[in-house]
Amino acid sequence: MNDMSTEGYVTEDGRKIGGVLMEMKDISLRFGGVKAITDISFNIREGEIRAIIGPNGAGKSSMLNVISGFYIPQEGEVWYKGARRPQMKPYEVAQQGIARTFQNIALFEGMSVLDNVMTGRLNHMKTGLLAQSIWKGKAEAEEVANREKVEKVIDFLEIQHIRKTPVSRLPYGLKKRVELARALAVEPSLLLLDEPMAGMNVEEKEDMSRFILDVNDEFGTTIALIEHDMGVVMDLSDRVVVMDYGKKIGDGTPDEVRGNQAVIDAYLGVSHD
Amino acid sequence: MSDQFIFGIEVFLNGLMAGVLYALVALGFVLIYKASGIFNYSQGVMALFAAATLVGVMKGQVPFSHLINAIFGTDVHYFGWHLPGIVGILLTAVVMILLAWFVQRFIFRHLVGQEPIILFMATIGLAYFLEGFSDLMWGSEIKKLDVGLPQGINTWIDETTFGIFGYGFFIDNLDIVATVVAALLVIALVIFSQYTKQGRAMRAVADDHQAALSVGINLNFIWVMVWSLAGFVALVAGIMWGTKSGVQFSLSLIALKALPVLMLGGFTSIPGAIVGGLIIGVGEKLFEFIVGPMVGGATENWFAYVLALIFLVFRPQGLFGEKIIERV
């Protein structure tokens with residue numbers, strides 16, 4: 001099943017997965033003499049939930065940062081929507097419809113939840129500066145339309161009750177959810193989640209898993225996520241890339257990966273005799 | 001009513017007007033500090049540069065004429081035109097935008113992620129560079145700036161107050177204009193930052209760079225925009241101070257007066273800059289009026305700084321600044 005046709009496939013629960021949305025080809029990334037990623041290739045298909053897993057320091061976050069343009073790999077090519085992506089700044093990548101969250105939460109702490117989520121709409125606003133200041137006609141209609149989209153996301157993630165609260169006052173679990181809301185407001189073609197469940201308790205993890213599945217189901221959003229909690233990942237994702245020491249050691253459905261000896265060794269340790 | 005009291009009211013009003021001018025300078029600091037965390041020491045010199053450029057452009061002075069004449073042995077000084085104030089202001093605004101771009105492109109773009117103290121040092125360097133550059137471009141002599149703003153005693157206030165108190169207040173027309181302009185400027189800035197896409201992006205950048213990048217905000221563009229805004233505020237401050245006391249080096253020192261204003265109002269608050277400016281303006285005039293005679297005068301030189309010092313002890317974030325909470 002690992003070797004899937006270009007046409008996509010249908011999952012066990014009946015969701016249709018489309019063609020390749022993003023393809024990483026032979027990516028290598030070094031920091032000075034340290035090799036963070038060595039020769040990794042994999043693809044992400046439209047509509048799927050793709051996980052990148054691996055032990056600490058495996059290079060997962062580096063990989064995500066390459067996809068979102070925060071790191072520039074020394075070697076390899078990134079293909080997005082069927083075209084090779086030239087070297088880009090992170091904000092340009094974001095403008096192409098790739099939204100992300102961060103491992104240690106990057107929110108606008110001084111703003112309310114609503115304002116935070118509204119920033120996700122910035123690139124959907126086209127009216128000029130003057131029209132916006134004077135606040136009439138087209139600008140107003142646009143603001144209302146964007147506001148509606150944002151309210152939908154807020155409803156969806158069940159954070160209506162805190163929409164006016166300054167983000168700095170929220171507990172960790174809710175902050176993570178607000179960050180997800182901001183990324184969703186972008187209406188991304190590809191949503192990158194960097195350890196969405198790190199530091200959460202069991203209940204919060206279950207909530208987050210449900211939201212991730214619902215987002216994928218409801219909006220058909222393609223999601224790539226990093227996680228080191230194996231259990232969570234296996235339940236969530238359609239396909240999994242496993243990394244260890246910057247190399248790819250496995251790629252396939254959760255079941256395939258679970259049976260992979262290299263993966264078992266990486267996670268459980270192996271005796272070198 | 002005693003004479004002392006009526007005098008006091010006049011001093012109070014004059015203090016308010018002076019405070020508005022302090023606030024104008026402080027505003028420029030707040031804008032840049034909010035959006036990039038840079039304490040811009042060169043804000044005062046930017047006001048000087050803006051005012052000198054405005055004078056030069058209006059008189060049709062050839063920029064760098066001394067340098068050109070010295071190198072090529074020519075004798076050019078003036079283009080031979082005289083521009084009206086409004087055209088001069090527009091052209092100077094363009095120059096300030098170019099300066100903002102220059103500052104971002106050649107200085108701060110290379111210092112992204114550096115310690116605040118390094119950014120601060122860079123602005124000191126910028127201040128000295130700009131000061132020399134301004135002299136080289138437009139000459140260092142004291143210049144008279146007249147963009148057509150009304151000046152001198154406001155006779156209406158003088159006569160009205162004379163009718164009421166039997167004593168006419170001396171309020172300068174220029175101070176009234178400055179107050180109105182400052183009020184408009186603040187309203188415009190607030191509308192800009194609260195209700196426009198660019199304003200929202202600016203607040204986002206001020207809050208978190210990484211998060212801003214992840215929603216597709218171009219940091220460089222926002223920074224150029226913020227420096228342009230600060231340049232424009234510097235231009236307005238330069239016009240007011242330049243008209244009042246001539247365009248000369250001492251104009252750049254008003255930046256030092258803005259420091260206590262910022263400590264009072266908070267480095268991150270636009271309303272704080274205004275209220276802080278007014279408190280300092282009124283405070284130093286009233287203090288000089290009431291306490292001055294007892295201690296031999298000249299209290300205006302130090303009053304603002306002592307007040308700021310007291311604030312630093314009891315409320316370090318200022319009146320409107322964001323509260324600094326270290327979580328343990």
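The values are calculated or read from the model by the stated rules, or taken from the named source; none is laboratory data. These numbers were taken from a predicted model, which means no experiment stands behind them. In this analysis, Cβ positions are derived from the backbone assuming ideal geometry, glycine residues included, and neighbour counts consider all displayed protein chains.
Descriptive notes on the structure:
- Matching residues, region A:102-117, being under 19 Å from residue A:90 (Cα atoms) and facing chain B (nearest Cβ under 7 Å): A:102, A:106, A:107, A:108
- Selected residue (only one of B:252, B:245, B:228 is more than 25 Å from residue B:316 (Cβ to Cβ), among the hydroxyl-bearing types (Ser, Thr, Tyr), under 15 Å from the mean Cα position of the chain (by Cα) and at pLDDT 90 or above): B:228
- Among the residues of region A:85-92, none qualifies, meaning not one is touching a residue at least 12 places away in the same chain (Cβ under 8 Å), away from chain B (no Cβ under 14 Å) and touching a strand residue (DSSP E or B) at 6+ places or on another chain (Cβ under 9 Å).
- The residue that is modelled with the lowest pLDDT, counting only those in region B:263-314 that are of a type in the set (A, V, I, L, M, F, W, C) and within 20 Å of residue B:184 (Cα to Cα), is B:270.
- Considering region B:1-15, the residues that are assigned to a helix (DSSP H, G or I) and without any contact (Cβ under 8 Å) to a residue 12 or more places away in the chain include one that is farthest from residue B:266 (Cα to Cα), namely B:4.
- Failed condition for residue B:253, given (1) surrounded by 24 or more Cβ atoms within 10 Å (Cβ to Cβ); (2) more than 11 Å from every other protein chain (Cβ to nearest Cβ): (1)
- Qualifying residue in region A:149-165 (condition: in contact with a strand residue (DSSP E or B) (Cβ under 8 Å, 6 or more places away or on another chain) and at pLDDT 90 or above): yes
- Enumeration of residues in region A:175-200 that are over 24 Å from residue A:97 (Cα atoms) and either among the small types (Gly, Ala, Ser) or at pLDDT 90 or above (or both): A:198, A:199
- If the condition is being part of a helix (DSSP H, G or I) and not hydrophobic (A, V, I, L, M, F, W, C), then region B:243-278 contributes B:243, B:244, B:245, B:250, B:252, B:257, B:260, B:265, B:271, B:272, B:276, B:277.
- Residue selected from region A:5-15 under the condition exposed (fewer than 14 other Cβ atoms within 10 Å of the Cβ) and over 24 Å from residue A:196 (Cα atoms), by the criterion modelled with the lowest pLDDT: A:5
- A Cβ distance below 9 Å, combined with a sequence gap of six or more or placement on separate chains, defines the contacts here; from region A:207-223, residues that are closer than 20 Å to residue A:21 by Cβ reach residues that are among the basic types (Lys, Arg) and at pLDDT 90 or above in the pairs A:222/A:45; A:222/A:50; A:223/A:50.
- Top-ranked residue of region B:27-79 - restricted to ones that are of a type in the set (Ser, Thr, Tyr) and within 24 Å of residue B:254 (Cα to Cα), ranked as modelled with the highest pLDDT: B:53
- Of the helices (runs of 4 or more DSSP H) that lie entirely inside region A:156-273, those containing 2 or more residues that are closer than 27 Å to residue A:38 by Cβ span A:230-236, A:254-258, A:261-268.
- Residue match in region A:42-65 (condition: among the aliphatic types (A, V, I, L, M) and within 14 Å of another protein chain (Cβ to nearest Cβ)): yes
- Within region B:145-154, the set of residues being exposed (fewer than 12 other Cβ atoms within 10 Å of the Cβ) and touching a Gly at 6+ places or on another chain (Cβ under 6 Å) comprises B:148 only.
- The sole residue among B:171, B:157 that is aliphatic (A, V, I, L, M), without any contact (Cβ under 8 Å) to a residue 24 or more places away in the chain, crowded, with 16+ Cβ neighbours inside 10 Å and more than 24 Å from residue B:28 (Cα to Cα) is B:157.
- Taken together, B:196, B:161, B:123 contain a single residue that is of a type in the set (S, T, N, Q) and within 14 Å of chain A (Cβ to nearest Cβ), which is B:196.
Here is a yes/no grid of residues against (1) surrounded by 15 or more Cβ atoms within 10 Å (Cβ to Cβ); (2) closer than 25 Å to residue B:150 by Cβ:
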| site | (1), (2) |
| --- | --- |
| B:25 | yes, yes |
| B:41 | yes, no |
| B:56 | yes, yes |
| B:94 | no, no |
| B:105 | no, no |
| B:109 | no, no |
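- Any chance residue B:213 is within 13 Å of chain A (Cβ to nearest Cβ), over 29 Å from residue B:316 (Cα atoms), at pLDDT 85 or above and not in a loop (DSSP other than H, G, I, E, B): yes
- If you go through region B:115-128 and keep only what is surrounded by 14 or more Cβ atoms within 10 Å (Cβ to Cβ) and not in a helix (DSSP H, G or I), you end up with nothing.
- Remark: pairs (first residue in region B:16-38, in a helix (DSSP H, G or I); second residue among the hydroxyl-bearing types (Ser, Thr, Tyr); Cβ separation under 8 Å; 6+ apart in sequence or on different chains) = B:16/B:179; B:17/B:179; B:20/B:179; B:30/B:268; B:30/B:269; B:33/B:268; B:34/B:268.
- Positions within region B:291-323 being in contact with a helix residue (DSSP H, G or I) (Cβ under 9 Å, 6 or more places away or on another chain) and in contact (Cβ under 8 Å) with a residue 24 or more places away in the chain, in sequence order: B:304, B:305, B:307, B:308, B:311, B:312, B:318, B:319, B:320, B:321
- Residue A:105 being under 15 Å from residue B:210 (Cβ atoms), crowded, with 22+ Cβ neighbours inside 10 Å and under 16 Å from the mean Cα position of the chain (by Cα): no
- Only residues that are of a type outside the set (D, E, K, R), surrounded by fewer than 18 Cβ atoms within 10 Å (Cβ to Cβ) and in contact with a strand residue (DSSP E or B) (Cβ under 6 Å, 6 or more places away or on another chain) were counted in region A:19-54, giving 4.
- Flag for residue B:229 being farther than 30 Å from residue A:104 by Cβ and within 14 Å of chain A (Cβ to nearest Cβ): yes
- Residue match in region A:201-220 (condition: of a type in the set (A, V, I, L, M) and either at pLDDT below 90 or within 16 Å of residue A:67 (Cβ to Cβ) (or both)): yes
Listed here are the residues, each with its yes/no results for (1) surrounded by 24 or more Cβ atoms within 10 Å (Cβ to Cβ); (2) in a helix (DSSP H, G or I); (3) facing another protein chain (nearest Cβ under 10 Å).
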position: B:184; (1), (2), (3): no, yes, no
position: B:187; (1), (2), (3): no, yes, no
position: B:204; (1), (2), (3): yes, yes, yes
position: B:238; (1), (2), (3): yes, yes, no
